[in-house]
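The values are calculated or read from the model by the stated rules, or taken from the named source; none is laboratory data. The shown structure was predicted, so the numbers you read here are calculated from the model rather than taken from an experiment. Please note: Cβ atoms are built from the backbone with ideal geometry, for glycine as well, and neighbour counts cover all protein chains shown.
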Amino acid sequence: MTTGSVEPPIVGFDQTRKRYLMKAEHLQRHGGMVPRYTSYPTAPHFHDGITPDIYRQWLSEISPDSSLSLYFHVPFCHAMCWYCGCHTKVVNRYDPIGNYASLLKKEFELVAPSLPEGPKVTHVHWGGGTPTILSAEDFTMLMETMHKHVTFSETAEVAVEIDPRTLSLDMIKALAAAGVNRASLGIQDFNDNVQQAINRIQTFETTKEKVDSLRANGIQSINFDLMYGLPLQTIADVQRTVDLAIKMRPDRLSIFGYAHVPWMKTHQKKILDADLPGDIERMDQADSTAERLVEHGYVRIGLDHFAHPEDSLAIALKQGKLERNFQGYTNDGADNLIGFGSSAIGNLKQGYIQNQVPFRQYGAAIEAGEFPIAKGIALNQEDYIRRQIIERLMCDLEVNLEDITTGHSLAPDTFDSEIEALQPMQQDQLLEITGRQITVNEEGRHLIRSVCAMFDTYLKAGKARHSKAV
């Protein structure tokens, strides 16, 4: 098992050895710890200067003819998976979950009066934690609360993240009755030794049974989450997991690299550093997963997503309409994202807002009739411009800086320093710079976050700790 060494494996082909050493050099020169860029500026740069009154004003300024995306965070699980990087806690009884459902309802009823009449909901995403830890009755109640206060588009997508191990038939029927039309199932890895190492025992048979039941009850769009870089995981393991997952015909797959951040998530200390694959093996696992999925006919989406060619995400990529938010790559397209629940983040035209993370502070604010805002950040013109550049790089792996400067009436040489900083990557043939056009090639895809970091003025000035680039 590789534990971080860059010594080449013993192989019989010089080409394999050369490729291995080249990967090691690229990672050493251009890797490091960088943000995932699901927002810009990124969450570590939010501050407490964004108050409930500011949020109320931002909500009131939403255009009546705009669209809304709603995110609900349910921070509870039946057991802790040791790789988890989410805001969640383990509960053994339903009372705290039921109380939390009541708080979500009250928060929605606090937000709704600040919204103008007219905006339509085009997307709802339930994340966690495990959203399906809610009872069927509470989930139905919350969906009914939404419909009471806001208007849904006829084509609205309602998606929910699911732990197949605890999903009941009653809950599946409640999801379908409430209008859920996309389910995202966490898998991570199907190999016994890896599952033991991450404290998540989940058989292929259990997962397939739940997928079949979801489809039988009318929820046809299925997403899977897989991971590489897990403890004890090998290239053969990720290949086997992909092959098993494909048997269930998912529409989309997200392939995440495990982010080992034990200084932020203390339960990750249960994962031994010595059991983690090294940087080069992580990249090989990611490459192997991608190659396998492409062989199966899936379209590669940005950094780590894959979709069936007829899926709306693949179509959005082809049309240049792919976006990126806190749930990853999306074709959501809504003008405003409003977050509900502990730690939830919203994205309005004026900036980002994040709710209180601790349950006690979140609940106390709701019970007092106040928005539970902890922090956020207002965007300035430069933020908008740099966010556009970073999103296009993350989604399309290319950006034309001349189009950006012309479109925003900027001096032609505005991004000369960034272009200069990217020259070493061009020399290593990870990207091409033609005039003001930056195009990241396949060899550089893994390091796209490092490319984006060159345009991140907050990263240069900040001290936040992030996960590995690959």
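Within the stretch 409-436, the residues that satisfy the criterion of being touching a residue at least 24 places away in the same chain (Cβ under 8 Å) and closer than 20 Å to residue 41 by Cβ are 410, 415, 418, 421.
Scanning the stretch 351-359 turns up at least one residue that is surrounded by fewer than 17 Cβ atoms within 10 Å (Cβ to Cβ) and not assigned by TED's automatic domain parsing to the domain that holds residue 457.
Within the stretch 388-408, is even one residue touching a residue at least 60 places away in the same chain (Cβ under 8 Å), among the aliphatic types (A, V, I, L, M) and not in a helix (DSSP H, G or I)? Yes: the stretch 388-408 contains one or more residues that are touching a residue at least 60 places away in the same chain (Cβ under 8 Å), among the aliphatic types (A, V, I, L, M) and not in a helix (DSSP H, G or I).
Search the stretch 154-185 for residues being in a strand (DSSP E or B), of a type outside the set (Val, Ile, Thr) and over 22 Å from residue 246 (Cα atoms), and hand back the single one that is nearest to the chain's Cα centre (by Cα). Break it down stepwise before answering.
Our first condition is that a residue be in a strand (DSSP E or B); within the stretch 154-185, this holds for 154-162, 182-185.
Add one more test, that the residue is of a type outside the set (Val, Ile, Thr), and what stays is 154, 156-157, 159, 161, 182-185.
Narrowing the set further to residues that are over 22 Å from residue 246 (Cα atoms) leaves 154, 156-157.
On the way: 154: 26, 156: 20, 157: 17 Å.
The selected residue is 157.
Scanning the stretch 247-289 for residues that are of a type in the set (Ser, Thr, Tyr), touching a residue at least 12 places away in the same chain (Cβ under 8 Å) and out of contact with any helix residue (DSSP H, G or I) (no Cβ under 7 Å at 6 or more places or on another chain) yields 254, 258. Only a single item in (1) under 30 Å from residue 242 (Cβ atoms); (2) in contact with a Phe, Trp or Tyr (Cβ under 8 Å, 6 or more places away or on another chain); (3) among the β-branched types (Val, Ile, Thr) is not met by residue 201, and it is number (2). Among the residues of the stretch 273-287, is there at least one that is outside any helix (DSSP H, G or I), on the phi > 0 side of the Ramachandran plot and crowded, with 23+ Cβ neighbours inside 10 Å? Taking every residue of the stretch 273-287 in turn, none turns out to be outside any helix (DSSP H, G or I), on the phi > 0 side of the Ramachandran plot and crowded, with 23+ Cβ neighbours inside 10 Å. The condition of being out of contact with any helix residue (DSSP H, G or I) (no Cβ under 7 Å at 6 or more places or on another chain) and assigned to a strand (DSSP E or B) holds for only one of 384, 352, that being 352. Looking across 320, 333, 369, one residue alone is exposed (fewer than 15 other Cβ atoms within 10 Å of the Cβ), out of contact with any strand residue (DSSP E or B) (no Cβ under 8 Å at 6 or more places or on another chain), of a type in the set (Gly, Ala, Ser) and at pLDDT below 95. It is 320.
I'm trying to understand the selection: among the residues of the stretch 42-57, which are crowded, with 21+ Cβ neighbours inside 10 Å and either of a type in the set (Phe, Trp, Tyr) or more than 15 Å from the chain's Cα centre (by Cα) (or both)? Break it down stepwise before answering.
From the stretch 42-57, those crowded, with 21+ Cβ neighbours inside 10 Å are 42, 50, 55; that's our starting set.
Result: 50, 55.
Residue 369 falls short of the stated requirement of being within 16 Å of the chain's Cα centre (by Cα), over 19 Å from residue 182 (Cα atoms), touching a residue at least 12 places away in the same chain (Cβ under 8 Å) and not in a helix (DSSP H, G or I).
Pick out the one residue from 88, 151, 132, 122 that is surrounded by fewer than 18 Cβ atoms within 10 Å (Cβ to Cβ) and either modelled with pLDDT of 95 or more or within 20 Å of the chain's Cα centre (by Cα) (or both).
On the way: 88 fails: surrounded by fewer than 18 Cβ atoms within 10 Å (Cβ to Cβ); 132 fails: surrounded by fewer than 18 Cβ atoms within 10 Å (Cβ to Cβ); 122 fails: surrounded by fewer than 18 Cβ atoms within 10 Å (Cβ to Cβ).
The match here is 151.
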